[in-house]
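What follows is calculated from the coordinates using simple rules that are stated; it is not laboratory data. No experiment lies behind these values; they were computed from the predicted model shown. Don't worry about glycine lacking a Cβ; one is built from the backbone with ideal geometry, like all the others, and counts go over all protein chains shown.
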Amino acid sequence: MSRIGRMPIAVPAGVTVDIAENNHVTVKGPKGTLERTLPAEMEIKLEGSEVVVTRPNDLKKMKSLHGLTRTLINNMVVGVTEGYTKELEVNGVGYRASKSGKVLTLNLGYSHPVEMEDPEGLESKVDGNKIIVSGIDKEKVGQYAAEIRDKRRPEPYKGKGIKYADEVIRRKVGKTGKK
């Protein structure tokens with residue numbers, strides 16, 4: 001049985017979970033509101049201050065969806081209470097990030113500065129060579145952080161580029177001169 005799917009989701013005080021037809025789940029909390037339509041086969045019940053997800057049978061597809069559905073609801077609950085953050089680092093000589101209003105400007109060694117506008121519901125902050133992306137939707141935070149990183153991925157020789165704060169870059173040895 002799905003170990004993750006079986007675990008009940010504790011709903012903290014100040015958070016309301018509404019389950020409409022077609023498994024349309026709305027989670028309201030101190031940081032905002034998230035809604036999502038989850039797989040219709042799963043049975044989502046609110047029991048007291050816990051959300052319980054059960055599956056109809058033991059087909060492989062149902063087993064897969066069981067853990068996923070539970071995790072998606074849990075991510076929504078955590079998002080409206082604590083929110084999510086991703087931290088990126090800009091490394092390299094002359095590589096800079098700056099923020100004005102909702103526009104993030106990246107100088108990454110191209111002939112032009114790269115400008116990115118914060119998507120709705122997300123916020124990015126620049127702190128020295130760090131970019132911190134925060135929001136309540138885990139998926140959107142991760143997606144926006146990945147798009148920023150894609151503007152100049154870290155390279156293996158000098159480690160220049162934009163990397164996640166917890167990312168380890170596998171370094172390579174450069175070529176050596178003739179003797």
Query raised in the report: Helix-derived [θ] at 222 nm for the chain: sum -39500 (n - 2.57) over DSSP H runs of at least 4, divide by residue count, nearest 500?
Result: -7000 deg cm²/dmol
Report summary line: Here region 146-160 yields Karplus 3J(HN,Hα) values (6.51, -1.76, 1.60; θ = phi - 60°; whole Hz; Gly and Pro given as x) of 5, 5, 5, 4, 5, 5, 7, 5, x, 9, x, 8, 10, x, 6
Query - Around Tyr95: net Lys/Arg minus Asp/Glu count, Cβ-Cβ under 9 Å - result: +3
Report task. Work out the charge dipole of region 1-156 with +1 on the Cβ of Lys and Arg and -1 on the Cβ of Asp and Glu about the Cα centre, then indicate which of Asn57, Ser98, Ile9 is farthest towards its positive end. Result -> Asn57
Requested in this report: Give, in nm to one decimal, the length gained when the segment between Thr54 and Val173 is fully stretched (0.36 nm per residue of separation minus the Cα-Cα distance).
Outcome: 37.6 nm
**Report entry** Computed over region 1-148: relative contact order in percent, which uses C-alpha pairs under 8 Å that are six or more apart
**Finding:** 20 percent
Report task. Would you compute the Debye intensity of the chain from its alpha-carbon atoms alone, equal scatterers and no solvent, and pass along log10 I(q)/I(0) at q = 0.11, 0.19 Å⁻¹ to two decimals? Result -> -0.63, -1.11
Report summary line: A correct Karplus calculation of ³J(HN,Hα) over region 17-29, with 6.51 cos²θ - 1.76 cosθ + 1.60, θ = phi - 60°, whole Hz and x for Gly and Pro, returns 10, 10, 10, 9, 5, 6, 6, 8, 9, 10, 10, 10, x
Report task. Return a whole-number percent for the relative contact order of region 115-179, with Cα pairs under 8 Å and 6 or more residues apart as the contact set. Result -> 18 percent
Requested in this report: Please tell me the relative contact order of region 57-137 in percent, rounded to the nearest whole number, where contacts are Cα pairs under 8 Å and at least six residues apart.
Outcome: 31 percent
Report summary line: Residue-ordered couplings for region 115-131, obtained by feeding phi - 60° into the Karplus form 6.51 cos²θ - 1.76 cosθ + 1.60 and rounding to whole Hz (Gly and Pro as x), are 10, 10, 9, 4, x, 4, x, 10, 9, 10, 10, 10, 10, x, 9, 10, 10
